[in-house]
Amino acid sequence: MAKPKANNKQVAEIFYKIADILEMQSVARKPRAYRAAANSIESMPHSLADVYLEGGLKALDKIPGIGKALSKKIEELL
């Protein structure tokens with residue numbers, strides 16, 4: 001993988017912004033999921049890029065609050 005385009009803090013900030021936008025659009029449940037994922041990402045002791053390099057999407061899926069859909073979004077951001 002090339003140099004990551006985004007670090008943990010940047011990915012978390014993007015997820016918080018997505019949550020805000022979805023909330024303004026009155027989308028149910030998704031804002032909470034994005035905020036939970038952002039919170040998990042912020043509190044991680046390791047880089048998302050390192051986790052992804054070591055185990056791919058399956059490793060990202062193991063992060064609390066991150067499922068398959070959000071793993072793919074993280075992959076795009078990295």
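Where a number appears in this text, it was derived from the coordinates with a stated rule and is not lab data. If you're wondering where the values come from, they're calculated on a predicted model, not measured in any experiment. Here the Cβ positions follow ideal geometry from the backbone for every residue, glycine too, while neighbour counts run over all protein chains shown.
With R₀ set to 25 Å, the beta-carbon distance separating Ser47 from Asp20 gives a calculated FRET efficiency near 0.50. Against the main long axis of the alpha-carbon atoms of the chain, helix 68-77 sits at an angle near 70°.
Computed from label points 7 Å out along Cα-Cβ, the spacing between Leu77 and Ala28 is 2.6 nm.
With all distinct Cα pairs included, what does the Kirkwood hydrodynamic radius of the chain come out to in Å, to one decimal, could you say? Kindly include the intermediate steps, with their values, before the conclusion.
On the way: mean 1/r = 0.0806 Å⁻¹.
After inverting the pairwise mean of 1/r, the radius is 12.4 Å.
Every helix of 4 or more DSSP H residues in the chain counts as -39500 (n - 2.57), and over all residues that averages to -22000 deg cm²/dmol at 222 nm. What FRET efficiency would be calculated for the residue pair Asp61, Ala6, taking the C-beta separation as r and a Förster radius of 22 Å, to the nearest 0.05? The computed FRET efficiency comes out at 0.75. Shown in residue order for segment 60-65 are the 3J(HN,Hα) couplings computed by the Karplus curve 6.51 cos²θ - 1.76 cosθ + 1.60 at θ = phi - 60°: 5, 4, 7, 6, x, x Hz (x for Gly and Pro). With contacts taken as Cα pairs under 8 Å and at least 6 residues apart, segment 37-78 reaches a relative contact order of 36 percent. In this structure, the residue pairs whose Cα-Cα separation is over 19 Å, taken from Lys30/Lys72; Lys9/Lys58; Lys5/Lys62; Lys30/Lys68, are Lys9/Lys58; Lys5/Lys62.
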